[in-house]
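To start, the structure under review is shown below, and the notes come after it.
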Amino acid sequence: EESNERITSSGINAEYGGSHDMLSDKLYNAQAQTVASTTSQEAGNRGFVSAVADWALKRNGDLRFSAIKHNKVGEEPSDAAYRITDDVEYSIIIEEMRSGKWAPFQAKDVQVEFVRIDPFVRLFLVPDSAGNFKVSFKVPDVYGVFQFKVDYDRTGYTHLFSTTQVSVRPFRHTEYERFIPSAYPYYASAFSMMGGVIVFSFLFLYHKDTKPAAKTE
(Lines give C-alpha, C1' and ligand atoms only; values in the text may rest on other atoms or scores of the structure.)
Protein backbone atom coordinates (compact mmCIF):
# COMPACT_ATOMS: atom_id res chain seq x y z
CA GLU A 1 0.00 0.00 0.00
CA GLU A 2 1.10 3.59 -0.65
CA SER A 3 0.76 6.59 1.60
CA ASN A 4 1.57 10.27 1.28
CA GLU A 5 2.03 12.81 4.05
CA ARG A 6 1.68 16.57 3.72
CA ILE A 7 1.70 19.63 5.99
CA THR A 8 -0.70 22.31 4.79
CA SER A 9 0.09 26.03 4.77
CA SER A 10 -2.04 26.42 7.90
CA GLY A 11 0.04 23.81 9.77
CA ILE A 12 -2.39 20.88 9.52
CA ASN A 13 -0.89 17.41 9.10
CA ALA A 14 -2.61 15.43 6.34
CA GLU A 15 -2.04 11.76 5.43
CA TYR A 16 -3.33 10.08 2.28
CA GLY A 17 -3.50 6.28 2.08
CA GLY A 18 -3.57 4.28 -1.14
CA SER A 19 -6.18 1.94 0.30
CA HIS A 20 -8.30 1.62 3.41
CA ASP A 21 -6.94 -1.93 3.76
CA MET A 22 -3.76 -0.40 5.13
CA LEU A 23 -5.69 0.48 8.29
CA SER A 24 -7.63 -2.77 8.52
CA ASP A 25 -7.31 -5.10 11.50
CA LYS A 26 -6.15 -7.87 9.16
CA LEU A 27 -3.03 -6.06 8.06
CA TYR A 28 -2.54 -4.26 11.37
CA ASN A 29 -2.35 -7.58 13.26
CA ALA A 30 -0.66 -9.52 10.46
CA GLN A 31 2.18 -11.88 11.24
CA ALA A 32 5.24 -12.41 9.05
CA GLN A 33 7.93 -15.04 8.85
CA THR A 34 11.49 -14.38 7.72
CA VAL A 35 13.47 -16.76 5.56
CA ALA A 36 15.92 -17.57 8.34
CA SER A 37 13.25 -18.12 10.98
CA THR A 38 10.62 -20.79 11.44
CA THR A 39 8.48 -18.73 13.81
CA SER A 40 6.12 -15.91 12.91
CA GLN A 41 6.51 -12.43 14.29
CA GLU A 42 4.69 -9.13 14.13
CA ALA A 43 4.78 -7.54 10.68
CA GLY A 44 6.07 -4.03 10.16
CA ASN A 45 2.67 -2.68 9.14
CA ARG A 46 1.60 -2.19 12.78
CA GLY A 47 4.57 0.09 13.55
CA PHE A 48 4.21 1.95 10.26
CA VAL A 49 0.50 2.64 10.65
CA SER A 50 0.95 3.65 14.30
CA ALA A 51 3.73 6.09 13.38
CA VAL A 52 1.71 7.61 10.52
CA ALA A 53 -1.41 7.98 12.69
CA ASP A 54 0.55 9.55 15.55
CA TRP A 55 2.12 12.03 13.13
CA ALA A 56 -1.22 12.92 11.50
CA LEU A 57 -2.83 13.44 14.93
CA LYS A 58 0.22 15.43 16.10
CA ARG A 59 1.10 12.94 18.79
CA ASN A 60 4.61 12.93 17.31
CA GLY A 61 6.66 15.53 15.45
CA ASP A 62 4.76 18.63 16.59
CA LEU A 63 7.08 21.47 17.64
CA ARG A 64 6.45 24.50 19.82
CA PHE A 65 8.62 27.25 21.29
CA SER A 66 8.51 29.40 24.41
CA ALA A 67 10.59 31.60 26.71
CA ILE A 68 12.41 33.64 24.06
CA LYS A 69 15.09 35.78 25.71
CA HIS A 70 17.75 38.14 24.39
CA ASN A 71 20.05 40.47 26.26
CA LYS A 72 23.54 41.88 26.44
CA VAL A 73 26.04 39.37 27.74
CA GLY A 74 26.12 39.58 31.52
CA GLU A 75 22.97 41.72 31.80
CA GLU A 76 19.28 41.10 32.35
CA PRO A 77 16.80 41.13 29.43
CA SER A 78 15.66 44.65 28.55
CA ASP A 79 13.62 46.47 25.92
CA ALA A 80 16.38 49.02 25.38
CA ALA A 81 17.99 49.22 21.96
CA TYR A 82 21.27 47.44 21.38
CA ARG A 83 24.36 49.36 20.36
CA ILE A 84 26.48 48.38 17.39
CA THR A 85 29.24 45.87 18.28
CA ASP A 86 27.49 44.87 21.53
CA ASP A 87 27.90 41.27 22.65
CA VAL A 88 24.43 39.74 22.92
CA GLU A 89 23.00 36.32 23.70
CA TYR A 90 19.77 34.75 22.47
CA SER A 91 17.89 31.76 23.82
CA ILE A 92 14.68 29.91 22.97
CA ILE A 93 13.07 26.80 24.47
CA ILE A 94 11.86 24.28 21.87
CA GLU A 95 9.74 21.25 22.71
CA GLU A 96 8.43 18.39 20.61
CA MET A 97 5.38 16.19 21.02
CA ARG A 98 6.65 12.67 21.61
CA SER A 99 4.15 9.83 22.13
CA GLY A 100 1.50 12.34 23.17
CA LYS A 101 3.68 14.21 25.68
CA TRP A 102 5.79 17.32 25.39
CA ALA A 103 9.51 16.65 25.71
CA PRO A 104 12.68 18.76 25.20
CA PHE A 105 13.63 18.91 21.54
CA GLN A 106 17.16 17.84 20.67
CA ALA A 107 18.74 18.86 17.37
CA LYS A 108 22.00 20.38 16.21
CA ASP A 109 20.72 22.04 13.03
CA VAL A 110 18.48 24.78 14.49
CA GLN A 111 19.71 28.19 13.36
CA VAL A 112 18.99 31.77 14.37
CA GLU A 113 19.44 34.70 12.01
CA PHE A 114 19.96 38.36 12.84
CA VAL A 115 18.15 40.00 9.96
CA ARG A 116 17.76 43.48 8.54
CA ILE A 117 16.21 42.72 5.14
CA ASP A 118 19.08 40.22 4.67
CA PRO A 119 20.76 38.14 7.39
CA PHE A 120 23.84 39.79 8.88
CA VAL A 121 24.44 36.88 11.29
CA ARG A 122 23.47 33.21 10.95
CA LEU A 123 24.51 30.78 13.68
CA PHE A 124 23.60 27.32 14.98
CA LEU A 125 21.85 27.26 18.35
CA VAL A 126 23.35 24.99 21.01
CA PRO A 127 20.75 23.01 23.04
CA ASP A 128 20.96 21.71 26.58
CA SER A 129 19.16 18.73 28.09
CA ALA A 130 16.07 20.86 28.85
CA GLY A 131 15.62 21.95 25.23
CA ASN A 132 16.94 25.47 25.85
CA PHE A 133 18.78 26.59 22.70
CA LYS A 134 21.37 29.36 23.17
CA VAL A 135 23.95 31.30 21.21
CA SER A 136 25.93 34.51 21.68
CA PHE A 137 27.38 36.81 19.04
CA LYS A 138 28.50 40.37 18.36
CA VAL A 139 26.00 42.81 16.88
CA PRO A 140 27.19 43.92 13.42
CA ASP A 141 28.55 47.43 12.91
CA VAL A 142 25.31 48.48 11.21
CA TYR A 143 22.39 50.21 12.90
CA GLY A 144 18.68 49.92 12.11
CA VAL A 145 15.71 47.66 12.89
CA PHE A 146 16.69 43.98 13.12
CA GLN A 147 14.96 40.69 13.88
CA PHE A 148 16.03 37.55 15.67
CA LYS A 149 14.57 34.93 13.33
CA VAL A 150 14.25 31.16 13.82
CA ASP A 151 12.86 29.35 10.78
CA TYR A 152 13.08 25.57 11.27
CA ASP A 153 11.44 23.38 8.60
CA ARG A 154 12.45 19.71 8.55
CA THR A 155 10.82 16.55 7.24
CA GLY A 156 8.71 14.84 9.89
CA TYR A 157 8.28 17.98 12.02
CA THR A 158 5.85 20.86 11.94
CA HIS A 159 7.17 24.20 10.76
CA LEU A 160 8.69 26.28 13.56
CA PHE A 161 8.87 30.02 12.91
CA SER A 162 9.66 32.84 15.34
CA THR A 163 10.68 36.48 14.91
CA THR A 164 11.59 39.04 17.57
CA GLN A 165 12.16 42.65 16.54
CA VAL A 166 14.88 44.78 18.14
CA SER A 167 16.56 48.11 17.41
CA VAL A 168 20.29 48.69 16.98
CA ARG A 169 21.63 52.23 17.47
CA PRO A 170 25.00 53.80 16.67
CA PHE A 171 27.42 55.12 19.28
CA ARG A 172 26.42 58.32 21.02
CA HIS A 173 28.87 61.21 20.84
CA THR A 174 29.91 60.60 24.44
CA GLU A 175 30.53 56.88 23.87
CA TYR A 176 33.37 57.16 21.39
CA GLU A 177 36.98 56.87 22.54
CA ARG A 178 38.81 60.09 23.29
CA PHE A 179 41.25 59.54 20.45
CA ILE A 180 40.35 57.21 17.59
CA PRO A 181 43.41 55.72 15.86
CA SER A 182 41.77 55.87 12.44
CA ALA A 183 41.32 59.65 12.88
CA TYR A 184 45.00 60.45 13.49
CA PRO A 185 45.46 61.93 9.95
CA TYR A 186 42.60 64.34 10.65
CA TYR A 187 44.13 65.30 13.99
CA ALA A 188 47.47 65.98 12.24
CA SER A 189 45.84 68.11 9.55
CA ALA A 190 43.92 70.15 12.14
CA PHE A 191 47.02 70.87 14.25
CA SER A 192 49.13 71.64 11.17
CA MET A 193 46.48 74.13 10.06
CA MET A 194 46.53 75.82 13.47
CA GLY A 195 50.32 75.95 13.40
CA GLY A 196 50.26 77.50 9.94
CA VAL A 197 47.78 80.19 11.07
CA ILE A 198 50.01 81.06 14.06
CA VAL A 199 53.15 81.36 11.90
CA PHE A 200 51.32 83.42 9.29
CA SER A 201 49.87 85.74 11.94
CA PHE A 202 53.29 86.25 13.54
CA LEU A 203 54.91 87.08 10.21
CA PHE A 204 52.05 89.34 9.17
CA LEU A 205 52.10 91.34 12.42
CA TYR A 206 55.81 91.69 13.01
CA HIS A 207 57.31 91.70 9.56
CA LYS A 208 58.43 95.16 8.44
CA ASP A 209 59.53 96.01 4.97
CA THR A 210 62.84 97.93 4.80
CA LYS A 211 62.69 101.29 3.02
CA PRO A 212 65.20 101.81 0.23
CA ALA A 213 68.02 104.22 1.04
CA ALA A 214 67.46 107.79 -0.24
CA LYS A 215 69.61 108.76 -3.19
CA THR A 216 71.99 111.68 -2.70
CA GLU A 217 73.55 113.80 -5.43
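The values are calculated or read from the model by the stated rules, or taken from the named source; none is laboratory data. A quick note: this is a predicted structure, and the numbers were derived from the prediction, not measured. Using ideal geometry, Cβ is built from the backbone for each residue, glycine included, and neighbour counts are taken over all protein chains shown. Ligands, DNA and RNA are excluded from the accessible area calculation, which covers all protein heavy atoms including side chains. Shrake-Rupley method; radii C 1.70, N 1.55, O 1.52, S 1.80 Å.
Per-residue 3J(HN,Hα) values for the stretch 61-74, derived from phi via the Karplus relation 6.51 cos²θ - 1.76 cosθ + 1.60 with θ = phi - 60°, read x, 7, 10, 9, 10, 7, 6, 6, 9, 8, 6, 5, 4, x Hz in sequence order (x marks Gly and Pro). Residues D209, D118, sorted by accessible area with the largest first, give D209, D118 [1.4 Å probe; ligands and nucleic acids excluded]. Computed about the Cα centre, the dipole magnitude for the stretch 67-109 is approximately 240 debye when only Lys and Arg (+1) and Asp and Glu (-1) carry charge, each at its Cβ. Think of each Lys and Arg Cβ as +1 and each Asp and Glu Cβ as -1; about the Cα centre, that makes the dipole of the stretch 167-217 roughly 80 debye. Separation of the stretch 100-130 from the stretch 180-206 is 55 Å, based on Cα centroids.
Only Lys, Arg, Asp and Glu carry charge here, each on its Cβ (+1 for the first two, -1 for the last two); on that basis the stretch 92-217 has a dipole of about 280 debye about its Cα centre.
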